1. Order of 158-165, 135-142 by packing, highest average Cβ count within 10 Å first?
2. Expressed in nm to one decimal, what extension gain is obtained for the pair N134 and M3 from 0.36 nm per residue of sequence separation less their Cα-Cα distance?
3. Stretched out fully, how many nm does the piece from K154 to N40 gain, at 0.36 nm a residue minus the Cα gap?
4. Which value in Å does the Kirkwood hydrodynamic radius of the stretch 1-147 take, with 1/r averaged over all unlike C-alpha pairs and then inverted?
5. Around F12, with a cut-off of 14 angstrom between Cβ atoms, what is the net charge of the other residues, counting Lys and Arg +1 and Asp and Glu -1?
6. Would you calculate, for the chain, the mean residue ellipticity at 222 nm contributed by helices, counting each DSSP H stretch of 4 or more residues as -39,500 (n - 2.57) and dividing by all residues, to the nearest 500?
7. For the stretch 81-124, what is Rg from Cα atoms divided by 2.2 N^0.38 Å, rounded to two decimals?
8. In the structure displayed, which of K124/K150; K48/K154; K124/K162 lie more than 22 Å apart, Cα to Cα?
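What follows draws every value from the coordinates through simple rules; no lab data is involved. As the structure is a prediction and not an experimental result, all values here were calculated from the model. No Cβ is skipped: glycine too gets one built from the backbone with ideal geometry, and neighbour counts run over all protein chains shown.
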Amino acid sequence: DKMGLLNPSLHFIMDREWWIRYLLLFGLNGIKKVDDVFVNFRIHNNSKTNSFQDDFVKEALNLYYSIASIYNVPEASKFEKYFKISLIPEFIKLPNISTDLLQKSLHYFWLHQGNISYAHDDYKTAALFLSLINVEFLQKEDAQLYFSLKNRIKFLPPFLKKLINRIR
C-alpha cells in the first residue's frame with residue numbers, strides 16, 4: 001500500500017522503478033544476500049533486454065532524472081546538462097525520503113552505467129558517467145571500482161582492452 005502499483009507509463013524498467021521505491025521506503029533492512037540462484041531468464045534475439053538496450057538506458061535516465069528533479073536534489077541539473085531526458089509521467093513521489101539516500105542512489109546509477117559502458121568499449125560514455133560521480137557518495141569498494149574504471153579508461157586503449165578480452 002505504501003509503495004503503490006507499477007507505473008504503467010514505463011515499458012522497460014517498471015520493475016526497477018518499483019524496487020527503487022521499495023528501497024527508498026524501507027532501505028536494505030530485511031534484505032539478505034545469498035549465493036543461491038532464485039531465478040534465471042534467457043536472453044535471446046527477440047527479448048526486450050537484448051533488442052532494446054538503448055531504450056532501457058533512455059528510460060533509466062528518465063527515471064533517475066525524475067527522481068532527482070521531483071525530490072529537488074542538485075544532481076537533476078547534471079541530467080539536464082548532459083542527457084536528453086524527460087520527466088516520467090505518473091511518477092509516484094514518496095513522503096519523507098532521505099536526500100542523502102537519493103543522492104547515493106543517483107551516484108550509484110552513474111557508476112553502474114559507467115561500468116556497463118566501459119564493458120561495451122564505449123569509453124566516451126563511460127567517462128561521461130564517471131565524471132558526474134562524487135566519490136563521497138560511494139562505499140569504499142565501489143570507490144575502488146570508480147578509480148579503477150577511470151584509470152583503465154585513461155591508460156588502457158580500447159584496442160588493447162579488446163585484445164586482452166579475446167585472450168581471456
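1. On the way: 158-165: 11.0, 135-142: 12.9.
So the order, starting with the most tightly packed, is 135-142, 158-165.
2. On the way: separation 131, 0.36 × 131 = 47.16 nm, distance 2.87 nm.
The N134-M3 span can extend by a further 44.3 nm.
3. Details: separation 114, 0.36 × 114 = 41.04 nm, distance 3.58 nm.
Stretched out fully, the K154 to N40 stretch lengthens by 37.5 nm.
4. Values: mean 1/r = 0.0603 Å⁻¹.
Final number for the Kirkwood radius of the stretch 1-147 is 16.6 Å.
5. On the way: positive: R16, K48, K58; negative: D15, E17, D54, D55, E59.
So the environment of F12 carries a net charge of -2.
6. Working: 8 runs with 98 residues, N = 168.
Here the helix-only value at 222 nm equals -18000 deg cm²/dmol.
7. Details: Rg = 13.9 Å, N = 44, 2.2 N^0.38 = 9.3 Å.
Output field value: 1.50.
8. Details: K124/K150 11 Å; K48/K154 33 Å; K124/K162 16 Å.
Result: K48/K154 exceed 22 Å.
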